[in-house]
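Every read-out reported here was derived from the displayed coordinates using simple, explicitly stated rules and does not represent laboratory data. Just so we're clear, the structure is a prediction, and the values are computed from it rather than from any experiment. Here Cβ is always computed from backbone atoms with ideal geometry, including for glycine, and neighbour counts include all displayed protein chains.
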Amino acid sequence: MSAESYDDQVIDVWPDVWPSFLLFQSISTQWRTGAVGVTGLDYNVLPWLMKVHDVEDEAAMLADIRIMERTALAEVYKDKGA
């Protein structure tokens, strides 16, 4: 992605998923890549990040992260017909 990939649109984050959003931001440098680009997040760092963020319900947090991951991947590949 490049600077041109971003727009000025503001996205509101609901308070109940704010902790998940913060964790998603923390893991945003952990994308796995392949020959065609990003393929998904590397979850190996998640246990440590969940500890750092004092996550109580790890299963719910993982579910939220996976939704954000799928949405991000859909956005990345929306113009590629994938």
Over all pairs of different Cα atoms in the chain, the reciprocal of the mean inverse distance gives a Kirkwood radius in Å of 13.9
Listing Ser5, Ser26 by rising number of other beta-carbon atoms within 10 angstrom, fewest first, gives Ser5, Ser26
Whole-Hz Karplus couplings 3J(HN,Hα) for segment 4-11, θ = phi - 60° and coefficients 6.51, -1.76, 1.60, Gly and Pro as x, run 5, 6, 9, 10, 8, 5, 9, 10
Taking the dipole of segment 3-76 about the Cα centre (Lys, Arg +1; Asp, Glu -1; charges at Cβ), the one of Ala63, Gln30, Trp14 that reaches farthest to the positive side is Gln30
Taking a ≥ b ≥ c as the square roots of the Cα gyration tensor eigenvalues, with a/c under 1.5 meaning rounded and otherwise prolate when a/b beats b/c or oblate if not, segment 42-82 comes out prolate
Amide H proximity to Gly40 below 5 Å, modelled H, separation 5+ or other chain, gives Arg32
Magnitude of the Cβ-charge dipole (Lys and Arg +1, Asp and Glu -1) of segment 3-76 about the Cα centre, nearest 20 debye, reported as 360
Applied in sequence order to segment 24-37, the curve 6.51 cos²θ - 1.76 cosθ + 1.60 (Karplus, θ = phi - 60°) yields integer Hz couplings, x standing for Gly and Pro, of 4, 4, 5, 8, 5, 8, 10, 6, 7, 10, x, 4, 9, x
Karplus-derived 3J(HN,Hα) from phi for segment 62-67 (6.51 cos²θ - 1.76 cosθ + 1.60, θ = phi - 60°), whole Hz, x at Gly and Pro, runs 4, 4, 5, 4, 5, 5
Low-density loop chymotrypsin sites (Phe, Trp or Tyr not before Pro), the chain, at most 16 other Cβ within 10 Å, DSSP non-H/G/I/E/B, are Tyr6, Tyr77
The exposure ranking of Leu62, Leu41, fewest beta-carbon neighbours within 10 Å first, is Leu62, Leu41
